Amino acid sequence: MMDSGVVAALTNGIKDHFSLHQNGAGAEVSHKQPFVIGVAGGTASGKTTVCNMIIAQLHDQRVILVNQDSFYHSLSDEQIGKVNEYNFDHPDAFNTELLLSCMEKLKHGQAVSIPNYDFKSHKSTELSRQVNPSDVIILEGILVLQDPRVRNLMNMKIFVDTDSDVRLARRIQRDTVERGRNIQNVLDQIRGMHTIIRDLKTTKHDFVFYADRLIRLVVEHGLGHLPFSEKQIITPTGSVYSGVVFCRRLCGVSIIRSGESMENALRACCKGIKIGKILIHGEGNNGRQLIYEKLPADIASRHVLLLDPVLASGNSAVQAISLLLSKGVAESNIIFLNLIAAPEGIHAVCKKFPLLKIVTSEIDLSLNKDLRVIPGMGEFGDRYFGTDNSDEIQTPRFT
């Protein structure tokens, strides 16, 4: 999140832009087009706060704020019936053509009509907001920097980077208080699947089915953290599409044996991906011994998705990550994917490897005295592969 000093420095640069056109003492400022600022960032990252701070600093100029949220497509009745499955954070959720048209008109000194989107009904209302041209235009939204045509209209681009846990807390508060949504609508899907796979009475078939669904979500989210480059392609209609290409130098590494349950989801998302394996044997509560490793020969030049469904104490994870580093893998190129994680394990891994990313679907309460995750989901490997012959399912001791 930006502090006031950073915002002041940015706005001073904007003021200098207008001052360049000043001719002599007391002369009027002249400029052909407004100064356009793009402010992007994740959901609930604090973009609106940054915009308000900029507006407060630019009290000598006329400033207007345009929200990308105003340009959401109205949902059909069928889409509203499945609204929990609708992705509001995808570029296709927005009417970018209308946004682009409005911004171009504003930049050329024309007044525009901005849609008014109702977050409760998920539709644009008949009432719209009339916006007149101004000295400074601030365009704010999660994906305002995604389309190169919109970016090309901007004189300044700002990305607000805020911790994901902070953003989640803010989003829950915003969606429940400001947008009239029930908190269950925010986390229902993942919470429901966790309820099934954590249930002692869940059958192996259901456990595997819902575990696979969660794993797929985690893998896809992990892939979203990979570096990408922009690319224009020609569609079958002969049109130009501006898209992105993700990093191709990628491989997976599963920690045997539970990590192998995540391999199919990774292969489904990344055709032909190489997958290595690491086997670490537990010795008591803290000791870990490397038994086996088979990794791609060129792993040092790749981004690595490390696979293990449960992060408990972090002991095995630390040993696996240390092995990858010894093979030349850059710490910042490792993304650790799991379904549940204990706070102790997250702390142990992140303290030792601060540049590594962890992607998990849920953080549990703690570890018990035997270093097992509480509440946990049982011995994951045994439940997934059907090798648990005990009458009572034990909580996991994976790390």
How much net charge surrounds residue 295 when only the other residues with a Cβ under 12 Å from the Cβ of residue 295 are counted, with Lys and Arg +1 and Asp and Glu -1? +3
So, with a 1.4 angstrom probe, what is the percent of accessible area on the range 295-394 that is carbon and sulfur? 53
Here the gain from full extension of residue 111 to residue 323, 0.36 nm per residue of separation minus their alpha-carbon distance, amounts to 70.3 nm
With the Cα gyration tensor of the range 96-157 giving a ≥ b ≥ c as the square roots of its eigenvalues, does the rule (a/c under 1.5 for rounded; else a/b larger than b/c for prolate; else oblate) give rounded, prolate or oblate? oblate
Find which of 189, 205, 255 sits farthest along the positive direction of the dipole of the range 183-270, computed with +1 on the beta-carbon of Lys and Arg, -1 on that of Asp and Glu, about the Cα centre. 255
³J(HN,Hα) across the range 262-279 via Karplus (A = 6.51, B = -1.76, C = 1.60, θ = phi - 60°), whole Hz, x for Gly/Pro? 9, 5, 4, 5, 5, 5, 5, 8, 10, 4, x, 5, 7, 10, x, 9, 9, 10
Evaluate E = 1/(1 + (r/R0)^6) for residue 281 and residue 245, where r is the Cβ-Cβ distance and R0 equals 35 Å; express this FRET efficiency to the nearest 0.05. 0.30
Net charge of Cβ neighbours under 11 Å - reference residue 36; Lys, Arg +1; Asp, Glu -1: +1
Per residue, how much accessible area does the range 184-301 have with a 1.4 Å probe, in Å²? 60
Skip the ligands, DNA and RNA, and give the accessible area per residue of the range 76-127 with a 1.4 Å probe, whole Å². 61
What is the gain in length, in nm to one decimal, between residue 233 and residue 92 on full extension, counting 0.36 nm per residue of separation less the C-alpha to C-alpha distance? 49.0 nm
Once you order the gyration tensor axes a ≥ b ≥ c over the Cα atoms, which shape class does the range 31-90 get: rounded for a/c under 1.5, otherwise prolate or oblate by comparing a/b with b/c? prolate
Once residue 206 and residue 294 are pulled to full extension, the length gained, defined as 0.36 nm per residue separation minus their Cα-Cα distance, is 28.5 nm
Holding the Cα-Cα limit at 26 Å, pick out from 294/352; 82/231; 120/201; 120/157; 47/105; 201/357 the pairs that are longer than that. 82/231; 120/201; 120/157; 201/357
Estimated inter-spin distance, residue 77 and residue 213, nm [label 7 Å along Cα→Cβ]: 2.7
Starting at the first residue of the range 143-153, write each ³J(HN,Hα) from the Karplus equation 6.51 cos²θ - 1.76 cosθ + 1.60 with θ = phi - 60°, in whole Hz, x for Gly and Pro. 10, 5, 9, 6, 8, x, 5, 6, 4, 5, 7
Under 5 Å between amide hydrogens, which residues at least 5 positions from residue 275 or on another chain qualify, with H placed 1.01 Å from N in the peptide plane? 252
Could you please report the charge total around residue 325, scoring K, R as +1 and D, E as -1 over all other residues with beta-carbon less than 12 angstrom from its beta-carbon? +1
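The values are calculated or read from the model by the stated rules, or taken from the named source; none is laboratory data. All values reported here derive from a predicted model rather than from experimental measurement. For neighbour counting, all protein chains shown are included, and Cβ atoms are generated from backbone atoms with ideal geometry for every residue, glycine included. Just the protein is used for accessible areas: all its heavy atoms, side chains included, with ligands, DNA and RNA removed. Shrake-Rupley method; radii C 1.70, N 1.55, O 1.52, S 1.80 Å.
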